[in-house]
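First up is the structure itself, then whatever we jot down about it.
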There are 4 protein chains.
Amino acid sequence: MNIHSILNIFYGDSMIAEADIDVKSDKYNQILDAAIKVFAQNGFHNSTVSQIAKEAGVADGTIYLYFKNKDDILKEFFKYKTKLIFEGFRGEVEKAGNAVDKLRNLIHRHLGEFQNDINMAITFQSESRQCRRNGIQIDDITKMYLDIVGEIVEQGQMEGTIRKNMYASLVKRFILGAVDEVIHTWVHAGGRYDLLTMADPLVDLYLRGIGSARFVAEKNDTE
Amino acid sequence: MNIHSILNIFYGDSMIAEADIDVKSDKYNQILDAAIKVFAQNGFHNSTVSQIAKEAGVADGTIYLYFKNKDDILKEFFKYKTKLIFEGFRGEVEKAGNAVDKLRNLIHRHLGEFQNDINMAITFQSESRQCRRNGIQIDDITKMYLDIVGEIVEQGQMEGTIRKNMYASLVKRFILGAVDEVIHTWVHAGGRYDLLTMADPLVDLYLRGIGSARFVAEKNDTE
Amino acid sequence: MNIHSILNIFYGDSMIAEADIDVKSDKYNQILDAAIKVFAQNGFHNSTVSQIAKEAGVADGTIYLYFKNKDDILKEFFKYKTKLIFEGFRGEVEKAGNAVDKLRNLIHRHLGEFQNDINMAITFQSESRQCRRNGIQIDDITKMYLDIVGEIVEQGQMEGTIRKNMYASLVKRFILGAVDEVIHTWVHAGGRYDLLTMADPLVDLYLRGIGSARFVAEKNDTE
Amino acid sequence: MNIHSILNIFYGDSMIAEADIDVKSDKYNQILDAAIKVFAQNGFHNSTVSQIAKEAGVADGTIYLYFKNKDDILKEFFKYKTKLIFEGFRGEVEKAGNAVDKLRNLIHRHLGEFQNDINMAITFQSESRQCRRNGIQIDDITKMYLDIVGEIVEQGQMEGTIRKNMYASLVKRFILGAVDEVIHTWVHAGGRYDLLTMADPLVDLYLRGIGSARFVAEKNDTE
DNA sequence: CATGAATGAGCGTTCATTCAT
DNA sequence: GATGAATGAACGCTCATTCAT
């Protein structure tokens, strides 16, 4: 009698069923992790299913019990794995009260998560721009991220900490692009330094820009 | 009868050969342009040499008279074509006197060049992150770009228009990342709006950030 | 509760076991019927063991408790199922006294049995010509059939209703081929008409041929 | 200067073009012949593309320059090769005047062609019943054959040599089925006897049936 | 007996590259 | 230089078969 059976006695099947909705099997994650590692090393197109199978410690055919085809592995990476991470961002944001703290939390978490799993970071960086094949999944993730940022900016504008009269969409891209580039550079350097130290200076750049006080003051006069 | 034929009559092939040292032959460019177009449509890995040959109006084998192999076409794209464009950036920068104008010119030109050749833009966006295979070429380009930005920032700091005490490398990535993301979004939208209108607002964001005057002022006090 | 269960109560398994020597178990037939159905739909080579298992309502592995391998299912079909049917032909033939009635009975039963089980008919038609793999089984069946026909013809010749001086083997093929083609056409039409109505006209063709009375008479003069 | 160039001078391109419409390239026939041979030995499904390539003396990839895929080879066999043969039947039929001679010519030619190319015969016999995949091609051939037979029967009925009041479609199947079975038996025996000797006795069976004169006469009285 | 997850050999197909013309 | 037919290595994927439970 295992833990599941015991739980069944107390809670019945329905509870277990609910819990299982999003929990993938061990092999699924085993293969997915192996794939991300292999993709990180060789790029998606230069990776073979056999390499993934070997890395995962399963037979080639086993891959196809858990994924429709090679493309599907990448799709699932974006649909399931990175989506999971990006959804965690929202939770982190909600921990903070004001917009500036929310932005700071978001960037901290963003850099932290990517630093935690460099294979994920590499694969995300390398393959997310190949949007032709991956379909709508990446857009979803990007949109979710941009939405979080958008809400933060709006809140900040109401709080008076973020200035108004900016192209909303441009601001969001501006923030995403900068953090993305910072991660890209870190990945490119082999992850050999602490990515998290970039968080505060980056947020500082978002808020104050690179212009000097004098320069900014002048500009602000005309606003 | 074109100018080359005429010149041949007077000078013979040898002279032309000398002149060709850095100027690539017609067919070289013909094939490279075709390749970029095909890459833009299908991505590098989903493009075949035959497709490129057909698009260029040459036989498959002809490709191999001008390029070592398929990978080499992409390498040459980064080494020759985009490098050419990025070198143009430097000229544009030099036209301006102060750092702020230089930055503005750079961003204008950057967006302008990519808007001018959407196939180049798509291919650059899609394939430049696949650095594993392309070797050192892209790094060169990125480095050159970052160097230009670095020089501008330094000059601005001396001129007093750009604030000091920032991580130099972070600032450069910050600028590159934001413009890159803006281009990416434009490409993703199918190039259906005027990319150049993004230039001034973008430069504004670089210089002033998104923080309100009040917020920036407070921060500046502590600087 | 079926008859087997009742018998079990009185006699126990041992008696059943004896009786089962030639009677195949329920699951054996269950799987075989499912296989024939799947083969009829997809053809042998385009059918998978999994499809058969699903159709039979058993696990994939269970198939291998009753059959050596996939090929063996087809072999057993020819060895057991169709053989059973073809042996029934002999009984039908023996019900009649003279050769002509025997032939008529045979053709009636032949068409009737195939009409009764269109999956069997389709599979028999489609796969029986692939003799390379199925080995000797089909030959056995064909031989048995030809033997029956041969005996009828001999009897008819003795009775004076079937003419002599014909190639015995050719006559047998002639009869088999025609009925086979009639079934094939019916199968090809999706079994949408009553196959049995073809029996009498077919027997008529066997006996009288297609030549007119005048033509036949002339020929008979020279015999 | 080859024969084609010379002909061009006299006849121009149009004539060559016309002649080329149905003439397939050497390699096409080389591969098709090899495929039929391999199919004849192993059956379509148990043959590999590599086997065909080796038999044809070309590389695996070369197959795909002339055929869309493995299935297409079989399709082309039915569309091009056997169609060619079956169209030859019509020519043979037209050489004769009366229906009986036409039928005799048809059967002679039919047996002759199959005897000439046993690989074709085997493949045709084995694969033509697998109509699911091959699509409409085989039906076309069968229909063409049945049409020829149908015309002959009609003509014979008008000439008074073939009796009336028979199911037209049944008669046609009856003839096709019998000759097909005769070929099948010959193929099955490894083609070790002269198939052509079966032609006359077979036609005799078509016309007079197997009933004795007495039997036939009795029947004819009631007609 | 029954299961079905796991296996891995084997095949169809693609396509970068070569080379005889 | 230019061609494009031919090549064959390599890969994604299937599915008959096994075996631990």
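Quick notes
- Whichever residue in segment C:72-84 is crowded, with 19+ Cβ neighbours inside 10 Å and hydrophobic (A, V, I, L, M, F, W, C) and, among such residues, is modelled with the lowest pLDDT: C:Phe78
- Residues being away from chain B (no Cβ under 14 Å), open to solvent by less than 50 Å² (accessible area, probe 1.4 Å) and under 27 Å from B:Glu127 (Cβ atoms) - total across segment A:46-56: 2
- Filter result for B:Leu65 (closer than 19 Å to B:Ile31 by Cα and either without any contact (Cβ under 8 Å) to a residue 60 or more places away in the chain or aliphatic (A, V, I, L, M) (or both)): yes
- Any chance C:Gln130 is buried (at least 20 other Cβ atoms within 10 Å of the Cβ) and either over 30 Å from C:Asn98 (Cβ atoms) or at pLDDT 85 or above (or both): yes
- For segment D:159-189, the candidate set comprises residues that are open to solvent by 40 Å² or more (accessible area, probe 1.4 Å) and within 20 Å of the chain's Cα centre (by Cα); within that set, the residue that is nearest to the other protein chains (Cβ to nearest Cβ) is D:Arg173.
- When restricted to residues that are open to solvent by less than 20 Å² (accessible area, probe 1.4 Å) and small (Gly, Ala, Ser), segment C:92-110 contains 2.
- Hits in segment D:68-82 - residues which are near DNA strand E (Cβ under 8 Å from one of its atoms) and either within 14 Å of chain C (Cβ to nearest Cβ) or among the hydrophobic types (A, V, I, L, M, F, W, C) (or both): D:Lys70, D:Asp71
- Residue selection: A:Ala34 fails the criterion of being within 15 Å of DNA strand E (Cβ to nearest atom), aliphatic (A, V, I, L, M), surrounded by fewer than 17 Cβ atoms within 10 Å (Cβ to Cβ) and at pLDDT 95 or above.
- Of the helices (runs of 4 or more DSSP H) lying entirely inside segment A:77-129, those carrying at least 2 residues that are over 19 Å from A:Thr185 (Cα atoms) are A:82-95, A:99-116.
- Single unsatisfied condition, A:Gly43 versus (1) within 12 Å of chain B (Cβ to nearest Cβ); (2) open to solvent by 10 Å² or more (accessible area, probe 1.4 Å): (2)
- Residue check, B:Ala59 away from every other protein chain (no Cβ under 14 Å), among the small types (Gly, Ala, Ser) and within 13 Å of DNA strand E (Cβ to nearest atom): yes
- Residue list for segment A:189-223, restricted to those being part of a helix (DSSP H, G or I) and modelled with pLDDT under 85: A:Ala213, A:Arg214, A:Phe215, A:Val216, A:Ala217, A:Glu218, A:Lys219, A:Asn220, A:Asp221
- Selection from segment A:133-158 of residues that are open to solvent by 30 Å² or more (accessible area, probe 1.4 Å), at the interface with chain B (Cβ under 9 Å from one of its Cβ atoms) and at pLDDT 90 or above: A:Gln157
- Test result for C:Asn69, open to solvent by 60 Å² or more (accessible area, probe 1.4 Å) and either among the aromatic types (Phe, Trp, Tyr) or within 16 Å of DNA strand F (Cβ to nearest atom) (or both): yes
- Entry remark, segment B:79-102: residues being out of contact with any Leu (no Cβ under 8 Å at 6 or more places or on another chain) and touching a residue at least 24 places away in the same chain (Cβ under 8 Å) number 11 in total.
The values are calculated or read from the model by the stated rules, or taken from the named source; none is laboratory data. All figures in this text were calculated on a predicted structure; none of them were measured in a lab. For neighbour counting, all protein chains shown are included, and Cβ atoms are generated from backbone atoms with ideal geometry for every residue, glycine included. These accessible areas exclude ligands, DNA and RNA; they are computed on the full protein's heavy atoms, side chains included. Shrake-Rupley method; radii C 1.70, N 1.55, O 1.52, S 1.80 Å.
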